[in-house]
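Right, one structure below, let's go through it.
Just so you know, all these numbers are worked out from the coordinates, no wet-lab data involved. Here the structure is a predicted model, which means the values were calculated and not measured. Note: ideal-geometry Cβ built from the backbone for every residue, glycine included; neighbour counts use all protein chains shown.
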Amino acid sequence: MDRRHWVAGTAAAGAGLLAGCAATPPAVGTSKTIFPVAQATIPIAGSGELFPVRRIYCIGRNYAAHAREMGSDPTREPPFFFQKPSDAVQYVVPGTTADHPYPPLTKNYHYEIELVAALHKGGKNVTPEQALDLVYGYAVGLDMTRRDLQRAMGDEKKPWEIGKSFDRSAPIGPIHPAARIGHLKAGAITLKVNGQLKQNANLDQMIWNVAEQISKLSQAFELMPGDIVFSGTPENVGPVVPGDVMEGAIAGLPTLNVRVV
Ligand code: MN
C-alpha cells in the first residue's frame with residue numbers, strides 16, 4: 001500500500017480521530033518533526049569532526065576460546081549478529097576515565113573488549129575482497145553485557161535484547177581513520193580490571209575477520225554509512241562491580257578507560 005492509500009485508509013478507519021486534519025497532508029519536505037532527537041555520534045581522532053552512528057551491529061562468539069566458554073562449538077559455522085541501539089554508545093575521551101553506570105536488573109555485569117569497525121560506505125552482498133573499502137576507521141569498544149539476563153533469556157528461547165541492548169552498553173573510544181592507521185588485522189587486544197589482566201588475545205584469532213563479517217552482514221542487511229560493527233570478544237569475559245576500573249587496549253589505538261559507578 002503506498003502512502004496516499006495508507007493515509008486514505010487510515011482516514012476512513014479513524015474519521016473521528018482525523019476530523020481535524022487537513023484533507024491534503026503537507027507535502028514531503030515541508031513537514032517538521034514535533035521534537036528533535038539527538039543523533040548519536042563518535043568523535044574522529046585528530047579532527048574536529050564527528051562520525052554519525054546509524055546502527056550498531058555486533059557479532060557473537062567470534063573467537064574460538066570465547067565460543068567454548070559460552071558453551072558452543074567454535075567450528076566455522078556462519079557468524080551470527082545482534083544489534084544495540086545507536087544511542088547505546090558512550091564516548092570515552094582518551095586519557096580520561098569515564099564513569100559508566102552499573103545498569104539496572106543485573107547481578108552479573110560482564111565486560112567484552114572488542115575491535116569496532118566504522119563504515120562510511122554501504123552495500124548489499126559485498127564480497128570479502130570489497131568489504132574493507134566500506135571501513136572508514138576503527139575504535140576500541142566494550143560490548144557490555146548483563147550476562148545473567150542474556151543467559152536467562154537464552155534458556156527460555158527468548159530474545160537477548162535485555163542482556164545486550166540497553167542504555168550505554170557500548171562504551172567506545174574515538175574512531176581512527178584507516179587512511180591514517182591502516183586496517184587492523186593483527187595485534188594485541190587486552191582488557192584489564194583494576195590493573196589485572198583479564199582478557200589477552202590477538203585480533204588474528206577472530207574466527208571471521210572484519211572483511212568476512214561485513215560481507216556476511218551485507219547478505220542479511222543493506223549496510224549504510226554510519227553503521228558500526230563490534231567484531232566479537234576473546235575469551236575470559238567476566239564480571240565487574242561498582243568501583244572497578246576497566247582498561248581496554250588494542251594495538252594501534254588509545255586505551256579505553258572506564259570506571260563502573
Ligand atoms: Mn560481544
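Some notes on this structure:
- Which numbered condition residue 218 fails, given (1) over 17 Å from the mean Cα position of the chain (by Cα); (2) over 19 Å from residue 43 (Cα atoms); (3) of a type in the set (S, T, N, Q): (1)
- Selection over the range 96-134 of residues that are at positive phi and crowded, with 16+ Cβ neighbours inside 10 Å gives a count of 1.
- Of all residues in the range 158-188 being more than 16 Å from the ligand (Cβ to nearest atom) and outside any loop (DSSP other than H, G, I, E, B), the one that is farthest from residue 133 (Cα to Cα): 188
- Of residues in the range 178-196 being charged (D, E, K, R) and more than 21 Å from residue 257 (Cα to Cα), the one surrounded by the fewest Cβ atoms within 10 Å (Cβ to Cβ): 180
- Checklist (1) aliphatic (A, V, I, L, M); (2) more than 15 Å from the ligand (Cβ to nearest atom); (3) part of a strand (DSSP E or B) applied to residue 191, failing item: (2)
- Looking across the range 86-126, the residues that are among the β-branched types (Val, Ile, Thr) and part of a strand (DSSP E or B) come down to 89, 97, 113, 116.
- Flag for residue 36 being surrounded by fewer than 21 Cβ atoms within 10 Å (Cβ to Cβ), within 15 Å of the ligand (Cβ to nearest atom) and over 24 Å from residue 174 (Cβ atoms): no
- Counting only residues that are charged (D, E, K, R) and within 28 Å of residue 103 (Cβ to Cβ), the range 194-250 holds 5 of them.
- Failed criterion for residue 149 (all others in (1) touching a residue at least 24 places away in the same chain (Cβ under 8 Å); (2) in contact with a strand residue (DSSP E or B) (Cβ under 8 Å, 6 or more places away or on another chain); (3) not small (Gly, Ala, Ser) hold): (2)
- Residues in the range 127-155 that are in a strand (DSSP E or B) and either within 13 Å of the ligand (Cβ to nearest atom) or out of contact with any helix residue (DSSP H, G or I) (no Cβ under 9 Å at 6 or more places or on another chain) (or both): 6 in all.
- Check on residue 236, within 16 Å of the ligand (Cβ to nearest atom) and out of contact with any strand residue (DSSP E or B) (no Cβ under 9 Å at 6 or more places or on another chain): no
- For residue 196, the criteria (1) under 19 Å from residue 244 (Cβ atoms); (2) in contact (Cβ under 8 Å) with a residue 24 or more places away in the chain hold in every case but one, which is (2).
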